[in-house]
Amino acid sequence: MIMQRLLDNIPFFWSFTDEEKEQLMGLDCYFETYDAGEYLIREGAEDNSLFIILKGTANVTKKSHPDRVITFLEPGTVFGEISFLTQRPRTTNVVANEKMICFTITSDTMRDLDSQMQHKIKDQLIEILVQRLDQMNQTLLNLVR
């Protein structure tokens, strides 16, 4: 019941029915916890997990500037989508700032879902990537003004 409420508060899951959320919650290795200072992602690693923060926060950094925070991640943030979709090595580090709970799915586990659920997840990822592209374009426009 607690995990259901966590999913209900995350925009990524708003288009999912209660039955679909129950299906996700019933599968293995979907909810993972991390302690403060723990790496969720290491730059250069070749894992393919997609993460959605349900509780807690994290920082994104690069090996070349480990003390410089590129961005701050909070509940609702989806990350790891590039490696999840393309099987490319990780391009950044993600480190927990505090105790975290994430919904995590791998490419292998994604294949175990029915096609309707796979499409729903991919549609959500496409929407997120489009929003990020729009934000980057706006940032670039602001820089050249």
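The values are calculated or read from the model by the stated rules, or taken from the named source; none is laboratory data. A quick note: this is a predicted structure, and the numbers were derived from the prediction, not measured. With ideal geometry, Cβ positions are generated from the backbone for all residues, glycine too; neighbour counts draw on all protein chains shown.
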Selected residue (criterion: nearest to the chain's Cα centre (by Cα)) from residues of the stretch 96-131 that are surrounded by 14 or more Cβ atoms within 10 Å (Cβ to Cβ) and among the β-branched types (Val, Ile, Thr): Thr104
Of residues in the stretch 10-39 being under 12 Å from Phe103 (Cβ atoms) and modelled with pLDDT of 85 or more, the one surrounded by the most Cβ atoms within 10 Å (Cβ to Cβ): Phe13
Single match in Ile70, Ile82, Ile53 (criterion: of a type outside the set (D, E, K, R) and closer than 15 Å to Ile10 by Cβ): Ile53
Residue among Val60, Val144, Val94, Val130 that alone is over 22 Å from Ile10 (Cα atoms) and out of contact with any helix residue (DSSP H, G or I) (no Cβ under 7 Å at 6 or more places or on another chain): Val144
Long-range neighbours under 6 Å by Cβ, at least six apart or interchain, first residue within 14 Å of Ile82 (Cβ to Cβ) within the stretch 113-137, second at pLDDT below 95 and assigned to a helix (DSSP H, G or I): Leu125/Glu81
Some residue of the stretch 84-94 being free of Cβ contacts under 8 Å to residues at least 12 places away in the same chain, exposed (fewer than 15 other Cβ atoms within 10 Å of the Cβ), assigned to a loop (DSSP other than H, G, I, E, B) and of a type in the set (Ser, Thr, Tyr): no
